[in-house]
Every structure is written in C-alpha cells, then in structure tokens.
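In what follows, a single structure is set out as structure tokens and then discussed.
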Amino acid sequence: MDAICIKDLKKDLKKEMDDSRFEHTMGVMYTCGALAMRYGYDLEKAMLAGLMHDCAKCMPNAKKLKMAEKHHLEITELERKNPFMLHAKLGAFLARKKYDIEDPEILDAIRWHTTGRPKMTLLDKIVYIADYIEPKRDKAPHLSKIRQTAFVDLDQTLIMILKDTIGYLGDSPEHVDSMTKKTYDYYMDKIDAKQ
C-alpha cells in the first residue's frame, strides 16, 4: 500500500468514527509504525493494519450483529450477547470488502487484535500490543511497564497485557473470550519452556 492510499483511508475513516475513536486509531497506527521499526517489520503494512484495526468499531451494535449474520461470520455465544465484541471480525471483513485490502496478514491482524491467538504472527503482536499501549490509553494497570517492555520483548508484553485483561474481566467464560484464555495459556507455556 502506498502513502496516498493510507491518506485516503484516513479521510474515509475520519467520517466513519467519532473524534476519540479516530484519535485512538491514529495513535495505534503510529505505535504500530514504531514497533515495526523496532522489530524490523514492514512499516507501511504495520501502519495500515493499525489504521484499519477499528474500522467497524463505531457501527451500532445491532448493525454489527446483523451484518455478521448476513455475511455468515462465526458468532460465539459471548459475541451474540455482547455484539460490540464483533468489531474485530467485522473489521477484517470490511477491510477486505469495503476498503479492498487483500493482504491476509493485515486482515488476520485486524481479526485477532482484541483476543490474540496462539502462534501470533509478528504483525498480529504489533497490532494487539499497539492497541493497548498507544499514547491516548491511560486506564490500564502497569501501562508504563508494559510500554517499556513492548520495545524489548513482544511475547513478555503479550503475557502482561493478557494477564491484566483476564484480571480485569475475571476468568469467567461469561466475560472473557475463550480465545483470550487460549492465547494466554499458549504464551505462558512458551515462556515457561524458555526458562
């Protein structure tokens, strides 16, 4: 994707999002860029994934559910009860259908940016982490330490974020997507195996 394309997408997303969501999106995009530079990943791809990660976020929840059903996206029981959780799956769908983004790595990073997944790609990790640490975020516990660790060890950063997320939401399947728990277990095992 060239810079002109990103510029056009920014304009389009600014119309689709409220001001605070757009500011967050810009923060994620630039944080993705910083992490891409640190870890030797393609800068433009990382920034594009960051820009598009919340492209379905501002859609009303009822519309999210209706659109997911219409296009036969997999909907978990938790997502059916909490349609706002569908924005990652729908975001990947819209990035492809509405914004003509074909790169499967970018689409996967958008798809998994809220829950993570076992065996995340470098881009998956960059977008997941950037979403959590971008400069406008200020409520998460341990944020300062997590931000520092993000530029040292991505797997350790994932564990810190997942641990805080599960700690905040509780360990109940009523509140935590099962993929978040699977991701946490996978990276805990990976870290344990290293030690």
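The values are calculated or read from the model by the stated rules, or taken from the named source; none is laboratory data. Being a predicted model, the structure only gives us computed values, none of them experimental. A quick note on method: Cβ atoms are made from the backbone with ideal geometry, for glycine too, and the neighbour counts reach across all protein chains shown.
Data for the structure
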quantity	calculated
Filter pass, Leu86 being farther than 17 Å from Tyr39 by Cβ, crowded, with 22+ Cβ neighbours inside 10 Å and either over 10 Å from the mean Cα position of the chain (by Cα) or of a type outside the set (A, V, I, L, M) (or both)	yes
Of all residues in the stretch 163-195 being under 21 Å from Pro135 (Cβ atoms) and under 17 Å from the mean Cα position of the chain (by Cα), the one that is surrounded by the fewest Cβ atoms within 10 Å (Cβ to Cβ)	Asp164
Residues of the stretch 98-116 satisfying the condition of being assigned to a helix (DSSP H, G or I), surrounded by fewer than 23 Cβ atoms within 10 Å (Cβ to Cβ) and touching an Asp or Glu at 6+ places or on another chain (Cβ under 7 Å)	Asp108
Filter pass, Met59 being within 15 Å of Ala109 (Cβ to Cβ) and among the hydrophobic types (A, V, I, L, M, F, W, C)	no
Scan of the stretch 136-174 for residues that are among the small types (Gly, Ala, Ser), closer than 28 Å to Phe22 by Cβ and part of a helix (DSSP H, G or I), ordered by number	Ser144, Ala150
Selection count where residues are out of contact with any helix residue (DSSP H, G or I) (no Cβ under 7 Å at 6 or more places or on another chain) and either not aromatic (Phe, Trp, Tyr) or not in a helix (DSSP H, G or I) (or both), scope the stretch 182-195	7
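Yes or no, residue by residue, for (1) modelled with pLDDT of 95 or more; (2) out of contact with any Leu (no Cβ under 6 Å at 6 or more places or on another chain); (3) farther than 22 Å from Met179 by Cβ:
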| residue | (1), (2), (3) |
| --- | --- |
| Met17 | yes, yes, yes |
| Gly27 | yes, yes, yes |
| Cys32 | yes, yes, no |
| Ala36 | yes, no, yes |
| Leu48 | yes, yes, yes |
| Met52 | yes, yes, no |
| Met59 | yes, yes, no |
| Lys66 | yes, yes, yes |
| His71 | yes, yes, no |
